[in-house]
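What follows is a set of notes on a single structure, which appears directly below.
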Amino acid sequence: MTLPPRLRVLPSLAQVEAAQWDALHDRRNPFVSHAFLAGLEQHGCLRPEWGWQPRHLTLWHDDALVAAVPGYLKENSHGEFVFDHAWANAYARHGLDYFPKWLGAVPYSPVTGPRLLAGDDTRRRQLLQAIAGHVQETGLSSAHVNFHSGPEDALFDAEWLRRVDVQFQWQRRPGWRSFDDFLGAMDHKRRKNIRQERARVARSGIDFRVVHGDEATAGDLEAMHGFYLQTFAGYGNAPALTLPFLRHLASTMPRQLVLFLALQDERPIAGALCLRGGDTLFGRYWGGVALPGLHFETCYYQGIEYCLREGLQRFEPGAQGEHKLARGFLPVPVRSRHWIAEPQFRQALRGWCAREERDVARYMQTLRQHSPFRDGDEDGT
């Protein structure tokens, strides 16, 4: 008789070897790699006052790690990109504590990818059972799994409430080998607008350098981190990522870190930080001077050209932003799941989530009617 796996809750990824952790996923998504997640912990990016306390749920057979989910005890909803402030307020009105809660996610990263890391679906279902059991045993209000993959969604049972949101992503089509091929699929208005935006940047005498982690100089990393700080200062938010963390990415993920640096008179004036995994480029952060068209060129058009040049199939430039639609990024659904311990709240929120999903479906349909492509293709495939 095979014994069930044993649950261990880890307060740090330093307690598991990188090879063990990374054997649980296909290594196509850089955000769930041991290097990325452990780097956040090691280099000052996760602070208790920001609500992130590592609580990774892992399943073991003797000394063998057989399943895991990156997890965190949360005292607030900072840096999650699945907004549940209304839920927390409802709990407070009824004299209940919504925080702390447990979250399975990648901090600060609204990027779809695997969350239930295991070799088969049996192990993934065991993880879901372990998550719910952990919430009950520790008296937490709830468990949440954000931005999980489509195949994983079928593993959640009806006890896990589903929420859906929209992101805008670029998908390569057959026959697209150059930026002109991409533009050629668009209607006249959008094609003209993009060409005008790019021309304005070119007339400003701006050039671009694309550097991977193993090509980035100390000055490149310092410049990119400065742009990142500038953006967060502009919004009045506390920046989480540190310069040592960027150096860590450059050394441990040398070909997955990609920087797009805008230069004027050979001096960097803006930059975008991306990660590359499998057939996808993931855009994460940007910053720089305010020049007409520079944001779109740095964050979108340079990334599209990179994908076309490198043979990548998808470009995910981050959360939100209807302005991306006119630039070739079409709406796609993203998901999260939520296990609520309190039965009455679970039932009330079930109806709330169903209404939200219907609203999102209507919004998606409206967006698809405004596709920039001449054939009206709705999903970019």
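Taking the Cα atoms only, what angle lies between the long axis of helix 188-203 and the longest principal axis of the chain, rounded to 10 degrees?
For 188-203 against the chain, the angle is about 70 degrees.
From the Cα gyration tensor of region 173-312, with a ≥ b ≥ c the square roots of its eigenvalues, which class applies: rounded if a/c is under 1.5, or else prolate if a/b is larger than b/c, or else oblate?
Values: a/c = 1.96, a/b = 1.35, b/c = 1.45.
The shape class here is oblate.
Sort 188-197, 163-172, 307-316 for me by packing, meaning the mean count of neighbouring Cβ atoms within 10 Å per residue, highest on top.
Details: 188-197: 15.0, 163-172: 20.4, 307-316: 17.0.
Going by the mean number of other Cβ atoms within 10 Å, highest first, we get 163-172, 307-316, 188-197.
What FRET efficiency do you get for SER251 and GLN347 if R0 is 35 Å and r is their Cβ-Cβ distance, rounded to the nearest 0.05? Mind showing how you got there, number by number?
Details: r = 49 Å, r/R0 = 1.41.
It comes out at approximately 0.10.
Sequence neighbours fewer than 8 away in the same chain don't count; with that in mind, list the lysines whose C-alpha is under 16 Å from LYS74.
Within reach: LYS101.
Going Cα to Cα from LYS192, which lysines come in below 28 Å? Please leave out same-chain ones fewer than 8 positions away.
LYS324
How high is the FRET efficiency from GLU222 to HIS85, r the C-beta distance, R0 35 Å, rounded to 0.05? Let's see the in-between values first.
Working: r = 35 Å, r/R0 = 1.01.
Plugging the Cβ-Cβ distance into 1/(1 + (r/R0)^6) gives 0.50.
For the chain, just say rounded, prolate or oblate: build the C-alpha gyration tensor, square-root its eigenvalues into a ≥ b ≥ c, call rounded for a/c under 1.5, and beyond that prolate if a/b exceeds b/c, oblate if not.
Numbers: a/c = 1.79, a/b = 1.46, b/c = 1.23.
Prolate.
Ignoring everything except DSSP H segments at least 4 long, calculate the 222 nm mean residue ellipticity for the chain; use -39,500 (n - 2.57) per segment, divide by total residues, nearest 500. Mind dumping the intermediate values first?
Numbers: 11 runs with 130 residues, N = 381.
Estimated from H runs of four or more residues: -10500 deg cm²/dmol.
How would region 5-151 be classified by its alpha-carbon gyration tensor: rounded, prolate or oblate, with rounded meaning a/c under 1.5 and the a/b versus b/c comparison settling the rest?
On the way: a/c = 1.71, a/b = 1.43, b/c = 1.20.
It is prolate, given that a/c is not under 1.5 and a/b is the larger ratio.
Between VAL289 and TYR235, what length in nm is gained on full extension when 0.36 nm per residue of separation is reduced by their alpha carbon distance?
Details: separation 54, 0.36 × 54 = 19.44 nm, distance 1.45 nm.
Stretched out fully, the VAL289 to TYR235 stretch lengthens by 18.0 nm.
Report, to the nearest 10°, how far helix 243-252 tilts away from the longest principal axis of the Cα atoms in the chain, using its own Cα long axis and a range of 0 to 90°.
The angle comes out at about 90 degrees.
If you take every DSSP beta bridge whose two residues both sit in the chain, what share of them, in percent to the nearest 5, is antiparallel? Could you put the intermediate results ahead of the total?
Details: 60 of 66 bridges.
Roughly 90 percent of the DSSP beta bridges within the chain come out antiparallel.
Quick one: dipole size for the chain, taken about the Cα centre, charges +1 on Lys/Arg Cβ and -1 on Asp/Glu Cβ, in debye to the nearest 20.
Details: 45 positive and 44 negative charges, 176 e Å.
With Lys and Arg at +1 and Asp and Glu at -1, about 840 debye.
What does the charge count around ASP63 come to, taking other residues whose C-beta lies under 13 Å from its C-beta (Lys +1, Arg +1, Asp -1, Glu -1)? Don't jump to the answer; show the numbers that get you there.
Numbers: positive: ARG6, ARG8; negative: GLU17, ASP62.
So the environment of ASP63 carries a net charge of 0.
Would you work out which of ILE304, HIS188, PRO239 lies farthest towards the positive end of the dipole of the chain? Charges go on Cβ: Lys and Arg +1, Asp and Glu -1.
Going by the charge dipole, the pick is HIS188.
Using a Förster distance of 41 angstrom, determine the FRET efficiency expected from the C-beta separation of GLU356 and TRP60, and round it to 0.05. Write down the numbers at each step before the final one.
On the way: r = 37 Å, r/R0 = 0.90.
FRET efficiency, GLU356 to TRP60: 0.65.
Quick check: residue separation of THR122 and ASP265 times 0.36 nm, minus the Cα distance between them. What number comes out in nm? Don't skip to the answer; put the middle values down first.
Values: separation 143, 0.36 × 143 = 51.48 nm, distance 5.73 nm.
Contour length minus the Cα-Cα distance gives 45.8 nm.
We did not get these values from a lab; they are worked out from the coordinates using the rules stated. Treat the numbers as computed from the prediction; the structure is a model and nothing was measured. Quick reminder, even Gly has a Cβ in these numbers, built from the backbone with ideal geometry, and neighbours come from all protein chains shown.
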